Amino acid sequence: MYVLLDNNWYLPYQEIKDDFQTGDVLLVHGRYEFSIAIEAVQWSPFSHVGMIVRAKDIGLAGKAPELLLWEANSLTNLPDVITGQAKPGPMLVDLEERLSRTAKDFEDVKFAFKPLHLTPETDIRPALQGLISTVNQAGFPSDEEMAYRFFEGRYRGLPASTDAFFCSELLAHTFMEMGLLGTKYPINAYAPKDFSDEGTVRLRKRAQFGNERFFNPPI
């Protein structure tokens, strides 16, 4: 059985936000639609993942909040910072707003991040910027479609189309496009747990993830 730390031990968001770097993975635990099923299937506390992005690294300095989140989910309560529109599927949203609203709107919410460590010669920024502009119009699968896509990828090795993404599918696709994740397994084979400390994701180009660090959301 998985156990989460008492949040009295969590780091305050305001103390760590300046440490966030583009490529860091955000992991989310909470009680919201379909999350219980996702956590039960994985036997993991995490049911959602996304990627932290600094606006300056994708050409949005001064045009968007400094810290952003690249994610795919069914929520439409925040606008995409590029299009100004809210929709299900891949979106680039204000990180602080996403953390605050998730903590407010759902039960038993907990956040952790895994820092991404890159070698000095590895530059993921051009590939990430190009990917975001390419797939941010894609949709989000229904619960039934999500389960089918995951089963086909995980257990049959069959790739799904890129007209829609669930959260870990988008994250895997992003890391592959940045050249940091191999293509042995299709993007729809990945679950949130795979990007946690209990996961088995191994990166290329000498890139590495640090350990999970739990933190409290912005007040």
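Is one or more of the residues making up segment 86-94 surrounded by fewer than 15 Cβ atoms within 10 Å (Cβ to Cβ) and either touching a Pro at 6+ places or on another chain (Cβ under 6 Å) or among the aliphatic types (A, V, I, L, M) (or both)?
Yes; the residues of segment 86-94 include at least one that is surrounded by fewer than 15 Cβ atoms within 10 Å (Cβ to Cβ) and either touching a Pro at 6+ places or on another chain (Cβ under 6 Å) or among the aliphatic types (A, V, I, L, M) (or both).
Going by the structure shown, is Gly179 touching a Pro at 6+ places or on another chain (Cβ under 7 Å), of a type outside the set (Ser, Thr, Tyr), outside any strand (DSSP E or B) and at pLDDT 95 or above?
So Gly179 does not fit the description; no.
Looking at segment 81-137 only, could you name the residues that are touching a residue at least 24 places away in the same chain (Cβ under 8 Å) and hydroxyl-bearing (Ser, Thr, Tyr)?
Thr83, Ser100, Thr102, Thr119, Thr122, Ser133
Can you name the residue in segment 102-128 that is of a type in the set (D, E, K, R), crowded, with 16+ Cβ neighbours inside 10 Å and in contact with a Gly (Cβ under 8 Å, 6 or more places away or on another chain) and is also nearest to Met176 (Cα to Cα) among such residues?
Filtering first and then ranking leaves Lys114.
From the list Gly179, Gly139, which residue is in contact with a helix residue (DSSP H, G or I) (Cβ under 7 Å, 6 or more places away or on another chain), surrounded by fewer than 22 Cβ atoms within 10 Å (Cβ to Cβ) and small (Gly, Ala, Ser)?
Result: Gly179 is the single residue among Gly179, Gly139 that is in contact with a helix residue (DSSP H, G or I) (Cβ under 7 Å, 6 or more places away or on another chain), surrounded by fewer than 22 Cβ atoms within 10 Å (Cβ to Cβ) and small (Gly, Ala, Ser).
Out of everything in segment 86-112 that is at pLDDT 95 or above and in a loop (DSSP other than H, G, I, E, B), what residue ends up being nearest to Ala164 (Cα to Cα)?
The qualifying residue nearest to Ala164 (Cα to Cα) is Pro88.
Could you tell me how many of the residues in segment 124-134 are farther than 24 Å from Asp197 by Cα and modelled with pLDDT of 95 or more?
Qualifying residue count, segment 124-134: 7.
The values are calculated or read from the model by the stated rules, or taken from the named source; none is laboratory data. Values in this document were obtained by computation on a predicted structure and should not be read as measured data. Counting neighbours? That spans all protein chains shown, and the Cβs are built from the backbone with ideal geometry, glycine included.
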